[in-house]
1. Would you mind counting up the charge near B:P78? Only other residues with Cβ under 9 Å from its Cβ, with Lys and Arg at +1 and Asp and Glu at -1.
2. In µm²/s, what is D for the range A:149-274 at 20 °C and 1.002 mPa s, where D = kT/(6 pi eta Rh) by Stokes-Einstein and Rh is the Kirkwood radius from Cα pairs?
3. Which value, in nm² and rounded to one decimal, describes the direction-averaged projected area of the C-alpha convex hull of chain B?
4. Based on the alpha-carbon set only, what is the convex hull volume of the range A:112-160 divided per residue, in Å³?
5. In degrees, nearest 10, range 0 to 90: what is the angle between the Cα axis of helix B:113-137 and the longest Cα principal axis of chain B?
6. Starting from the range B:139-226, pick out the GluC sites (Glu not before Pro) whose DSSP state is loop and whose Cβ has at most 12 other Cβ atoms within 10 Å.
7. Excluding B:V181 itself, calculate the net charge of residues whose Cβ lies under 13 Å from the Cβ of B:V181, where each Lys or Arg counts +1 and each Asp or Glu counts -1.
8. Enter the mean projected area of the convex hull around the alpha-carbon atoms of the range A:198-268, in nm², rounded to one decimal.
Amino acid sequence: MTGDEWHDSFTRILLEQGVDPHEAQRLSEDSRAEAIAARRHPAQLFGPAAAYAVAVARAARPAPLLAPLARAKGPVVLRLTNVTKRFRRREVLRGVDLTLHAGEVAAVTGANGAGKSTLLDICAGTLKATSGVVERAARIGYAPQQHGVAPYLTADEHFRLFGAVHRMGARKAVATGAHLAAGLGWRPRAGVVASQLSGGTQQKLNVVLGELSRPDLILLDEPYQGFDQDSYLDLWAQVYAWRDAGAGVLVVTHLLHDLDKVDHLLELQGAEDR
Amino acid sequence: MLLAIAGTSLRELTRRRSALLLVIALPLAFYAARSDEPGQAVRFLALGVGWAVATLALFSHVGSRHLDRRLAVVGASPTALLLGRQLALLGTGFTIAGAYLVLVAVAQDVERLWAVALLLGTTVLVAAPLGAVVSLALPRELEGALALLAVMATQMLADPEGTLAKVLPLWSTRELTTYAVDATSDEFLRRGLLHFAVAFALCACGAWAAAVVRLRPNTPPEPAPA
């Protein structure tokens, strides 16, 4: 690979990672100048273009969309009181209690089949609890585990559609979506429909759609599926940014690490254990 | 919101190119099979258009169910979601019907061409909500397609004067075709339009009721202050 090819590859990957085109160009020129000054091939100086671009992109990413606010508990955005869910004779949830305020993050963990997604569906309103009381804020963002996007629509078309539901103008919806996507290290490309995206990128679109309207309560069901390590870290950074901006966030996860900063940890036992 | 849903739904339809081509080809195949008999050719063409539009509606509504449920959870009205998708389907259906009307005008010597336009239009108007009803009752594409196959094949084979044919949704298409092609009395027109009105009302109301039941979220009350 020649030096020019290395720089072309570096710039292209920066763009794919969601770096602003002007910023990507500036970074590429900086790296070229450094290599010339050091009189070395850029691969010798910086290593493989792809790995260096990913690291640089991560450092160059914009700050989270929402400026951190003072950490203070806001009003209750979700309250579950003795919630039970039964499918025919099979009891999936029993006596679940949770109070989540604005400005807090709750993680729901448990083994496969423990009822995590069922609980999230009850919070969203796509399922009804068999007994117990569910109260939640009216303005919610919801990213389901599966089938959250339309395979034949582009990212911008998704933003416009969801923006219309939230009574946002098309331009504002697209701009907000693009900014949120950049926070997850992704720049949507025009004309590429969701079915042509990788699983991880589809999931990023799914998450962005859940946050498009700056809701009071954000419900995420295993939102990191298909993410690489950097995207996984970016997601948690976003979750805490949303929390600091005053949203309540409920995250369903089966990964037990990186949960030290959450405000509530709700571990579901699963029907098999009862 | 309605126009945004209709617009995105139309884009989704046009991007399913293979399915769209097959759907367009279905009425043509029916027409070609009976092109030597003008009456039968138009009758089979119209039923083919109905079958094609109903199938397209079935696939569109089944494919969008999860997304529509998500949109409903964050505030979209189930009625707007149904109407938006139906607008896109009706637009597609009328375009297909218009193209085949031109074919009939050029290739057939039909007594009342305006009545052919009328019967193709009424067929599309019944078929789009019919596909939605089937999709909402049978949530998988295979089962839905088989159900439509049963309805449409029975509609084609049943004796038009029998009770079975009259309770099926596109009997009006057969009556209006007879009026258009065979230059029969206005009684065929009256019966056809009456049947169309009833079938359209039933399919539209059924689709709307099913959409509301399936998509309306169970929105919990807002939390009382602590």
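Since every read-out is calculated from the coordinates, none of them should be taken as a lab result. Keep in mind it's a predicted model, so treat the numbers as computed, not measured. Note: ideal-geometry Cβ built from the backbone for every residue, glycine included; neighbour counts use all protein chains shown.
1. On the way: positive: B:R214, B:R216; negative: B:D68.
Surrounding charge for B:P78 is +1.
2. Numbers: Rh = 15.4 Å.
Here the translational diffusion coefficient equals 139 µm²/s.
3. Numbers: hull surface 54.5 nm².
The Cα convex hull of chain B, projected and averaged over all directions, gives 13.6 nm².
4. Numbers: hull volume 5.0 nm³, N = 49.
With only Cα atoms used, the range A:112-160 gives 101 Å³ per residue.
5. The answer is roughly 40 degrees.
6. On the way: sites: B:E141, B:E143, B:E161, B:E175, B:E187; in loops: B:E161.
For GluC sites (Glu not before Pro) across the range B:139-226 that sit outside H, G, I, E and B with at most 12 neighbouring Cβ atoms in 10 Å, the list reads B:E161.
7. Values: positive: B:R34, B:R43, B:R112, B:R174; negative: B:E37, B:D109, B:E111, B:E175, B:D182.
Net local charge, B:V181 excluded: -1.
8. Values: hull surface 18.8 nm².
Here the figure is 4.7 nm², rounded to one decimal.
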